[in-house]
Amino acid sequence: MTTESRFVSMTTLEALKKIQAELKSNSSESHKTAIQKFVPGSQKIYGVKNPVLNDLAKNYKSVGWELVYLVWKSGAYEERLLAAKLVREISKKEAAEKLKWVKSISKDISDWATCDTVGMQSLKNSNKILREEIFRLSKKLIQSKNLWERRLALVLVEDFTKDHSAHNQIQSLLNIVKKDDEYYVKKAVEWITRNMKKVR
C-alpha cells in the first residue's frame, strides 16, 4: 500500500468515526422507537431524523467513494440511508459509478425505507443519462428471489412514470410481479401503477 493510499484510507476512517459520533449525538429514543415501528428490521438503529442525514451527506460528499462503501458496510439503518444520500450528492459525471454502486449493494437491502432511498435518491441526478442502463438493471432485479431486489426494480423506475414514453417498459416490469405474494412488492406495484395513471 502506498503512502497516498494509506492517507486516503485513514482519512476515510476518520470521516466514518466523525459521522458515527454525530449520529449518536443526534439520536433519540423516541425516534428510534418510531423507526422500529414503521421500518421493521433487525439492524442497528441510532434514532436519527432525515434532515440530519441530509446535512451529513452534504458535509461529507467530498470524501469520496471509499466513504460511501465504508458507511454502507457499517450496516446501521441510518448509515445505509446516508450512503445512498452521499451517492446522490456525487456529480452526475460519475453516473456509471453510481449505477455500479447500486448493483453492488442491492442484495444487502433488508427494509423498505432503505430500498426506497437507494432507488429514488442514489441516481436522482443521473436518471436521464442512465435511462437504458436503469431499465436493464430493473429487468434483471425483477426476476430476483430477493423481495427487496424486486421492489428496488420498481422503485428505480418510479421517476420515469412521469414520462409516458417509458410506460410500456414499466408495465412490462409490473406484469412480472403483478401476482407477487410479498406485501412490500405488492405495495410497490400499486404505487407505480397509480403514478402512471396520473400521467395518462
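Miscellaneous remarks
- Angle in degrees between helix 131-141 and the longest Cα principal axis of the chain, rounded to the nearest 10: 90
- Sites Lys58 and Arg194, calculated FRET efficiency, Cβ-Cβ separation with R0 35 Å, nearest 0.05: 0.65
- Pairs exceeding 27 Å between alpha-carbon atoms, taken from Lys37/Lys98; Lys100/Lys139; Lys44/Lys98; Lys49/Lys139; Lys85/Lys197; Lys44/Lys92: Lys37/Lys98; Lys49/Lys139; Lys85/Lys197; Lys44/Lys92.
- Each of Val39 and Lys128 was given a label point 7 Å from its Cα along the Cα-to-Cβ line. The distance between the two points is 3.0 nm.
- Rounded tilt (10° steps) of 3-25 against the dominant C-alpha axis of the chain: 80
- Here's the list of aspartates and glutamates a cross-link from Lys18 could span, going by alpha-carbon distance under 18 Å and ignoring same-chain residues fewer than 8 apart: Asp55, Glu66, Glu78, Glu79.
- Derived scalar couplings between HN and Hα for region 158-174 equal 4, 4, 7, 5, 6, 10, 4, 5, 9, 4, 5, 5, 5, 4, 4, 5, 4 Hz in order, rounded to whole Hz, by the Karplus curve 6.51 cos²θ - 1.76 cosθ + 1.60 (θ = phi - 60°), x for Gly and Pro.
- Evaluated at q = 0.18, 0.26 Å⁻¹: base-10 log I(q)/I(0), Debye formula over Cα of region 34-75: -0.66, -1.02
- Farthest toward positive dipole pole in the chain [+1 Lys/Arg, -1 Asp/Glu at C-beta], among Gln121, Leu23, Ala84: Gln121
- Answer label, with Rg and Dmax of the Cα atoms in Å calculated from the coordinates and candidates (i) 16.2, 46; (ii) 17.5, 58; (iii) 16.6, 50: (ii)
- Counted residue by residue at 0.36 nm each, then reduced by the alpha carbon distance between them, the extension gain from Lys145 to Ser104 reaches 13.1 nm.
- Protein accessible area in the chain, 1.4 Å probe - carbon and sulfur %: 51
- Averaging 1/r over every pair of different alpha carbons in region 101-183 and inverting the result gives a Kirkwood radius of 12.7 Å.
- Each Lys and Arg contributes +1 and each Asp and Glu -1, all at the Cβ; summed about the Cα centre of the chain, the dipole is approximately 540 debye.
- A simple spin-label model places pseudo-atoms 7 Å from Cα toward Cβ; at Ser172 and Lys187 they are separated by 2.9 nm.
- Taken per residue, the accessible surface of the chain reaches 55 Å², heavy atoms only and a 1.4 Å probe.
The values are calculated or read from the model by the stated rules, or taken from the named source; none is laboratory data. What you are looking at is a predicted structure, and each value in this text was computed from that prediction instead of being measured. Here Cβ is always computed from backbone atoms with ideal geometry, including for glycine, and neighbour counts include all displayed protein chains. Ligands, DNA and RNA are stripped out before the accessible areas are found, and what is left, the full protein with its side chains, is counted by its heavy atoms. Shrake-Rupley method; radii C 1.70, N 1.55, O 1.52, S 1.80 Å.
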